[in-house]
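Visitor: The structure's right below; bear with me while I get my questions together.
The values are calculated or read from the model by the stated rules, or taken from the named source; none is laboratory data. As the structure is a computational prediction, the values presented were derived from the model and not from experiment. Here the Cβ is made from the backbone with ideal geometry for all residues, glycine too, and neighbour counts use every protein chain on show. Accessible surface is based on the protein model in full, side chains and every heavy atom, while ligands, DNA and RNA are left aside. Shrake-Rupley method; radii C 1.70, N 1.55, O 1.52, S 1.80 Å.
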Amino acid sequence: MLVDSHCHLDFADFGSEREEIIARARRAGIGTMLTICTKISEFAEVRAIAEAHDDIWCSVGIHPHEAASEKATDAAMLCEMARHPKVVGIGECGLDFYYEHSPRDRQAEVFRIHAAAARASGLPIIVHTRDADAETAEILAEECRRGDLRGVIHCFSSGPQLAVKALSLGFYLSFSGIVTFKKAEALREVARTVPLDRILVETDAPYLAPMPHRGKRNEPAFVVHTAALLAELHGLEPGAFARVTTENFFRLFDKSQVPDPA
């Protein structure tokens, strides 16, 4: 099976089709999905989707776009929410200096709160970064020095410097449909260098549909296309790549449970 390690099943883009989209993912061989929280104020809706499905897990966190607009939180509050059995990760959180919907200093403050919660809870942190490679690397290095911190750079679209730094800190890199885009050769070069035991695959649905669905609303079933390209980059058959990335997911998100094949 494959795992979609990062999607947003609560988003309005799916509307009344959500259950059929989940069913399509299963028919496509997607055995597990991780639906990601971007606003604490909407965590209950994210959690409810995970609660309703044995093969769906969730996270709790604040996206950098929402760092200024969401009610102030602290690591203790995040840890309390993360005690729920369906919550397997902290985030997504991080830095986005492309849109800058929140002030940079507030983004960094919220990012560090999430890192503290990840250390305290023992759960992996799910990191979003865009146009902030150096700053992301600096914060991650500082937070790792404070104590054990593990996690993933989701939707990795940065250069080799951040890849090397994140890997050196023990982080995983997750690739989305961006890696399939025609002009993404530089990103494919980075993907080729990632050790097989540190790579994950995701959709970030409803965004970033891979080829041949680019321009359409993305959905978890489409992760098969991204996985097929990454398998080719690493010289693996799709089935072998699926096994590797599934093992990676359950190693990192070790609070989640491997689905019963029966």
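Visitor: What helices (runs of 4 or more DSSP H), lying completely within the range 153-262, carry at least 1 residues that are closer than 27 Å to Gly122 by Cα? Explain how you work it out, then say what you get.
Guide: Working: elements: 160-168, 185-193, 223-233, 238-252.
Fully inside the range 153-262 and qualifying: 160-168, 238-252.
Visitor: Could you list all residues from the range 113-150 that are crowded, with 16+ Cβ neighbours inside 10 Å, among the basic types (Lys, Arg) and within 16 Å of Phe171 (Cα to Cα)? Steps first, please.
Guide: Within the range 113-150, the first condition is being crowded, with 16+ Cβ neighbours inside 10 Å, and the residues that meet it are 113-119, 121, 123-130, 132-133, 135-137, 139-140, 143-144, 149-150.
After this cut, where a residue has to be among the basic types (Lys, Arg) as well, the list is 119, 130, 150.
The answer is Arg119, Arg150.
Visitor: Also, I was wondering about something else. Please state which one of Lys71, Lys39 is more than 21 Å from Glu247 (Cα to Cα) and modelled with pLDDT under 95.
Guide: On the way: Lys39 fails: modelled with pLDDT under 95.
Only one candidate qualifies: Lys71.
Visitor: Do we find that Thr136 is β-branched (Val, Ile, Thr), free of Cβ contacts under 8 Å to residues at least 60 places away in the same chain, farther than 21 Å from Ser256 by Cβ and in a loop (DSSP other than H, G, I, E, B) in this structure?
Guide: Working: β-branched (Val, Ile, Thr): yes; free of Cβ contacts under 8 Å to residues at least 60 places away in the same chain: yes; farther than 21 Å from Ser256 by Cβ: yes; in a loop (DSSP other than H, G, I, E, B): no.
For Thr136, the condition - β-branched (Val, Ile, Thr), free of Cβ contacts under 8 Å to residues at least 60 places away in the same chain, farther than 21 Å from Ser256 by Cβ and in a loop (DSSP other than H, G, I, E, B) - is not met.
Visitor: Step by step: first the residues of the range 180-208, then only those that are over 24 Å from Leu140 (Cα atoms) and over 15 Å from the mean Cα position of the chain (by Cα), then the one that is most open to solvent (accessible area, probe 1.4 Å). Which residue is that?
Guide: Applying the filter and picking the extreme gives Lys183.
Visitor: Confirm whether Ile49 is open to solvent by 10 Å² or more (accessible area, probe 1.4 Å), at pLDDT 95 or above, part of a helix (DSSP H, G or I) and not charged (D, E, K, R).
Guide: On the way: open to solvent by 10 Å² or more (accessible area, probe 1.4 Å): yes; at pLDDT 95 or above: yes; part of a helix (DSSP H, G or I): yes; not charged (D, E, K, R): yes.
So Ile49 passes the test.
Visitor: Inspect the range 29-48 for any residue being in contact with a helix residue (DSSP H, G or I) (Cβ under 6 Å, 6 or more places away or on another chain) and more than 22 Å from His114 (Cβ to Cβ) and give the result as yes or no.
Guide: For the range 29-48, residues in contact with a helix residue (DSSP H, G or I) (Cβ under 6 Å, 6 or more places away or on another chain) and more than 22 Å from His114 (Cβ to Cβ): present.
Visitor: Do we find that Pro160 is within 30 Å of Ala23 (Cβ to Cβ) and at pLDDT 95 or above in this structure? If you could, list the steps in order and put the result at the bottom.
Guide: On the way: within 30 Å of Ala23 (Cβ to Cβ): no; at pLDDT 95 or above: yes.
Taking the combined requirement at face value, the residue does not satisfy it.
Visitor: For residues that are more than 16 Å from the chain's Cα centre (by Cα) and under 16 Å from Ile36 (Cα atoms), scanning just the range 84-103, find the one that is surrounded by the fewest Cβ atoms within 10 Å (Cβ to Cβ).
Guide: Pass one, the range 84-103, residues more than 16 Å from the chain's Cα centre (by Cα): 84-85, 97-103.
Those left that are additionally under 16 Å from Ile36 (Cα atoms): 84-85.
Numbers: His84: 14, Pro85: 11.
My answer is Pro85.
Visitor: So which pairs qualify, if the first residue must be in the range 96-119 and closer than 19 Å to His154 by Cα and part of a helix (DSSP H, G or I), the second must be among the charged types (D, E, K, R) and open to solvent by 50 Å² or more (accessible area, probe 1.4 Å), the Cβ gap must be under 8 Å, and the two must be at least 6 apart or on different chains?
Guide: Taking only residues 6 or more apart or on different chains, the pairs are Ala108/Glu135; Ile113/Asp74; Ala115/Arg146; Ala116/Arg146; Ala118/Arg150; Arg119/Arg146; Arg119/Asp148.
Visitor: Follow-up question, since we're still on this one. Within the range 52-75, restricting attention to residues that are of a type in the set (Val, Ile, Thr) and either out of contact with any strand residue (DSSP E or B) (no Cβ under 9 Å at 6 or more places or on another chain) or outside any loop (DSSP other than H, G, I, E, B) (or both), which residue is farthest from Val258 (Cα to Cα)? Can you show your working first?
Guide: Start the filter on the range 52-75 by keeping residues that are of a type in the set (Val, Ile, Thr), which leaves 56, 60, 62, 73.
Of the ones still in play, those that are also either out of contact with any strand residue (DSSP E or B) (no Cβ under 9 Å at 6 or more places or on another chain) or outside any loop (DSSP other than H, G, I, E, B) (or both) are 56, 60, 73.
Details: Ile56: 11, Val60: 20, Thr73: 31 Å.
Once the filter is applied, the top-ranked residue is Thr73.
Visitor: Being more than 20 Å from His225 (Cα to Cα) and in a loop (DSSP other than H, G, I, E, B), is that true of even one residue in the range 26-36? Explain how you work it out, then say what you get.
Guide: Narrowing the range 26-36 to residues more than 20 Å from His225 (Cα to Cα): 36.
Among the residues that remain, those that are also in a loop (DSSP other than H, G, I, E, B) are: 36.
Yes: the range 26-36 contains one or more residues that are more than 20 Å from His225 (Cα to Cα) and in a loop (DSSP other than H, G, I, E, B).
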